[in-house]
1. In a shell of Cβ-Cβ distance under 11 Å around B:F51, excluding B:F51 itself, what net charge do Lys and Arg (+1) and Asp and Glu (-1) give?
2. What are the lysines whose alpha-carbon lies under 26 Å from the alpha-carbon of A:K254, with same-chain residues fewer than 8 places away excluded?
3. Assigning unit charges at the beta carbon (Lys, Arg +1; Asp, Glu -1) and nothing else, what dipole magnitude in debye, to the nearest 20, does the protein assembly as shown show about its Cα centre?
4. Would you grab the residues whose amide H sits under 5 Å from the one on B:L130? Only those 5+ places off in sequence or on another chain, please, with H modelled 1.01 Å from N.
5. Enumerate by residue number the trypsin sites (Lys or Arg not before Pro) in segment B:1-48 meeting two conditions: DSSP loop (anything except H, G, I, E, B), and at most 15 other Cβ atoms within 10 Å of the site's Cβ.
6. Just rank A:K2, A:K87, fewest to most, by other beta-carbon atoms within 10 angstrom.
7. Tell me, what HN-Hα J-couplings in whole Hz come from the Karplus equation 6.51 cos²θ - 1.76 cosθ + 1.60 at θ = phi - 60° for each residue of segment B:44-58, using x for Gly and Pro?
8. By count of other Cβ within 10 Å, fewest leading, how are B:D202, A:D181 ordered?
Amino acid sequence: MKLYFKYIGILLKSQMQYKASFFMTILGQFLVSFTAFFGIYFMFDRFNQVDGYTFSEVLICFAAVLLSFSVAECFFRGFDTFPKLIKSGGLDRILLRPRGVIFQVLTSTIEFSRAGRFLQAAITLCYAIPTCGVVWTFDKIATLILMIAGGISVYLALFVLYAGISFFTIEGLEFMNVFTDGTREFGKYPLSIYGKGVLGFFTYVIPVALFQYYPFLYLVGKTERLWYIFLPLICAVFILPCYAFFAFGLSRYKSTGS
Amino acid sequence: MKQYFSFFRIRFIAGLQYRAAAWAGVVTQFAWGFLSILMYRAFYQSGAENFPMEFSQLTTYIWLQQALLAMFMIWLFDNDIFDSITSGNIAYELCRPCDLYNMWFVKNVATRLSNVLLRCLPIFIVAACLPYPYNISLPADWACGALFFVSLIAGFFLQVSISMVIYISAFYTVSPAGMKILSVTLMEFLSGAVIPIPFFPDAVQTIFNLLPFASMQSTPFLIYTGYTSGADALAAIGVQLFWLVVIYVSGRLLIKHALKKVVVQGG
C-alpha cells in the first residue's frame with residue numbers, strides 16, 4: 001500500500017510538469033460532462049418528463065453513473081493501455097518484477113486530469129440531492145452510496161475484462177467502449193427507457209442496471225422493494241468472472257517478442 | 001496540383017488498410033445509433049406533441065450521423081501535424097516545395113474520406129433494411145438529394161477548415177492537448193452532435209444556426225431528412241458557404257502570421 005501511494009505521488013508530479021495543459025484538460029473534462037448536463041436540461045425543457053421520470057430524478061441517476069465512472073476511470077484506467085503493453089512486449093518486464101501484475105498495471109497510469117469529470121459529477125449530485133424531492137432517510141443515503149460503489153466495481157470489472165480479452169486479440173477492442181463509455185453516455189437516463197431488451201441485457205449480461213436502475217427505483221420511491229437496495233452488491237461479484245478471465249488469459253499469455 | 005493529388009492518394013490508400021478497425025468501428029457505431037434511437041423513442045412516447053420533427057426524420061438523422069461519422073468527427077485529428085509542430089519537425093515540412101496549408105488540408109480530407117468509405121456502406125445497408133420508422137429513408141425527391149449533396153460537401157470542407165485552425169493554434173500554445181479537448185467539447189455541443197439542433201429551445205436554435213458549427217453536420221443532415229427545405233435550405237447553404245470562406249481565409253491568415261515568427265523546437 002505504501003508503494004501504491006509512492007507511485008501516485010510520482011505520477012502526480014510528472015503530470016504537473018505541464019501545468020497549463022493539465023488544467024486545460026481538467027477544464028475540458030469538466031465541460032464535456034457539462035455539455036452532457038445541458039443536453040439533458042434542454043431535452044427536459046422540451047419534454048418535461050421521460051417515461052414518468054422528472055428532470056431532477058434523472059439528474060441523480062446521471063450523477064451517480066458519472067461519479068462512479070470518473071472514480072473508476074481515474075484509478076483503474078491503466079487497463080486501457082494494456083493492449084499496448086502486450087503489443088510492445090512491456091508485459092514481460094512487468095512479469096519479471098516481484099509484485100502482482102494488476103498492481104503494476106494500476107500504478108502505471110493514473111489520470112488525474114479526469115478530476116474535471118469527477119468535479120462535474122460531484123456538483124451535479126450536490127444540486128440533485130436537495131432538489132429531487134427524495135426525503136433523505138438512512139436507507140436512501142445507503143442506497144445512493146451502494147449505487148456509486150456498485151458502479152465503481154462494474155467499471156473496474158469491465159476494464160479488467162477488456163484487458164483480459166486483449167490477451168487473445170492483442171488489439172484493443174473498440175466494441176468494449178459501448179459498455180464503458182456507452183453506458184456512461186446512455187446511463188444518464190434510467191435504463192428502462194430503452195425498452196425491455198436493453199434493460200434485460202444490462203441486468204443479466206453486463207450488470208449495469210443493478211446499480212443504475214433498480215436501486216434508483218427505490219431511491220425515487222417508484223418501488224417499495226427493500227431488497228433493491230442491495231442489488232449493487234452483486235456488481236461486486238461481477239468482478240470475479242472478469243478477473244478469472246483475466247487470469248486465464250494471463251496463464252495462456254505468449255509474449256509477442258522483442 | 002499534382003503533388004497534392006499524390007498526397008491525397010497516399011493518405012487515402014493508407015486509410016483503407018485499417019479494415020479490421022473499421023469493422024469494429026461499424027459494430028460500435030451501430031450499437032451507438034441503436035441506443036440513441038431508443039432514447040429518443042422514449043422521449044417521443046412521453047410527449048409526441050413536443051417532438052420537433054417526425055420520428056422517422058430523427059432516425060434518418062441518427063443513421064446519417066453514424067454512417068458519416070468519420071467525415072464530421074471533430075476529435076479526429078492528424079496527430080502527426082501536432083507532433084511536427086511540437087517536436088520541431090515542421091522545419092522539414094517547410095523545406096518542401098509546396099504550400100503547408102494545402103498539404104495538411106488535402107491529407108485531412110483523404111484520411112476522413114477513406115474512413116467514411118470503409119464504414120458508411122455497411123451502416124447504410126443495415127439501416128435501410130430496418131423496419132419503419134427505425135430505418136433510414138431516401139431523401140424526398142431529387143432536388144432535396146442534390147441540395148443535400150452540395151451542403152454535405154460544403155459542411156465537410158468547413159469541418160476540415162475548422163480543424164486546420166486548431167492545428168495552427170498549436171503554433172501558439174505548443175502543447176495542444178488542452179486546446180484540443182476544449183475546442184472539441186464546445187464544437188460538439190454547438191454542432192448538434194450531442195443532441196440535434198431542432199431539440200434546443202427556439203432562441204438557442206437561432207443563435208446556433210448563425211454560428212459556424214451548425215453548418216458542419218447539422219445543415220446537410222437536416223436537409224436530407226426534409227426538416228429544412230426549399231428557400232430555408234438554400235439560405236442554410238448560403239450560411240455554410242459564408243462560414244467556409246471566412247474560416248478558410250482566417251486559417252490562411254493565421255498560418256501566414258504563425259510562420260512569420262515560427263519557433264522551431266529542438267535542434
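No lab work stands behind these numbers, since they all come straight from the coordinates. These numbers were taken from a predicted model, which means no experiment stands behind them. So basically every Cβ, Gly included, is an ideal-geometry build from the backbone, and we count neighbours across all protein chains shown.
1. Counting the neighbours of B:F51, the net charge comes to 0.
2. A:K84, A:K87
3. Details: 35 positive and 24 negative charges, 368 e Å.
So the magnitude is around 1760 debye.
4. Counting only residues 5 or more places away or on other chains, the set is B:I136.
5. Taking segment B:1-48 and a limit of 15 other Cβ atoms within 10 Å, no loop trypsin sites (Lys or Arg not before Pro) are found.
6. If I rank by nearby Cβ atoms, fewest first, I get A:K2, A:K87.
7. Using θ = phi - 60°, the values come out as 4, 6, 7, x, 4, 5, 8, 6, x, 9, 4, 5, 5, 5, 5 Hz.
8. Listed from fewest to most nearby Cβ atoms, that is B:D202, A:D181.
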